[in-house]
Amino acid sequence: MPLHDRIIPYLETAGLFHLARLNSQWFWVDEPLLSAFIERWRPETHTFHMPFGECTITLQDVAYQLGLSIDGFHERFRVLPADASDETVRIYARAYILMLLSSQLFADKNANRVHLRWLPYLASLDDLGRYSWGSAALAWLYRYLCRGTNRNVVNLAGPLQF
């Protein structure tokens, strides 16, 4: 989904513009490295047990890597018409933000679905910047890292770019 100039103010208000600017190709996943980290993840402490000691991913890491706040679709969206009304631009902004949330921060194992839990957050574009997206992304990552330690789990989800 292309990033249109007219939705940038909404992304800035939501605190997600930095994330939108990042190229999705930067987030390739080194599967052997990821497997090594999963083997060292301890769900009871939410830390990686490494030969040199314990370490974890912090909120500061999330804020630094993705530029997210720690305080507080479909083909029809391919092209934003040049003569789009303000309401249409807001609809596109919501769709773009939903795409960012579902593909970058809160991806599922199939990376092709959006959980309904994120829809109420898009009701007011003005309130989006008040949410602590970094905290939510870190909690989502911890949740999926804990699930990944189960030997029956074959696929991993979450913001794996961390």
Can you give me the number of residues within region 90-136 that are at pLDDT 80 or above and either in contact with a strand residue (DSSP E or B) (Cβ under 6 Å, 6 or more places away or on another chain) or farther than 26 Å from Asp5 by Cα (or both)? 2
Which numbered condition Gln60 misses (of (1) within 17 Å of the chain's Cα centre (by Cα); (2) at pLDDT 70 or above; (3) surrounded by 14 or more Cβ atoms within 10 Å (Cβ to Cβ)): (3)
Working only within region 37-57, note down all residues that are within 22 Å of the chain's Cα centre (by Cα) and on the phi < 0 side of the Ramachandran plot. Phe37, Ile38, Trp41, Pro43, Thr47, Phe48, Cys55, Thr56, Ile57
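Quick grid of which residues meet (1) within 19 Å of Arg147 (Cα to Cα); (2) at pLDDT 80 or above; (3) touching a Phe, Trp or Tyr at 6+ places or on another chain (Cβ under 9 Å):
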| site | (1), (2), (3) |
| --- | --- |
| Leu22 | no, no, no |
| Leu33 | yes, yes, no |
| Trp41 | yes, yes, yes |
| His49 | yes, yes, yes |
| Gly53 | no, yes, no |
| His74 | no, no, no |
| Asp86 | no, yes, no |
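The values are calculated or read from the model by the stated rules, or taken from the named source; none is laboratory data. As the structure is a prediction and not an experimental result, all values here were calculated from the model. When we count neighbours, we look across all protein chains shown, and the Cβ atoms used for this are built from the backbone with ideal geometry, even at glycine.
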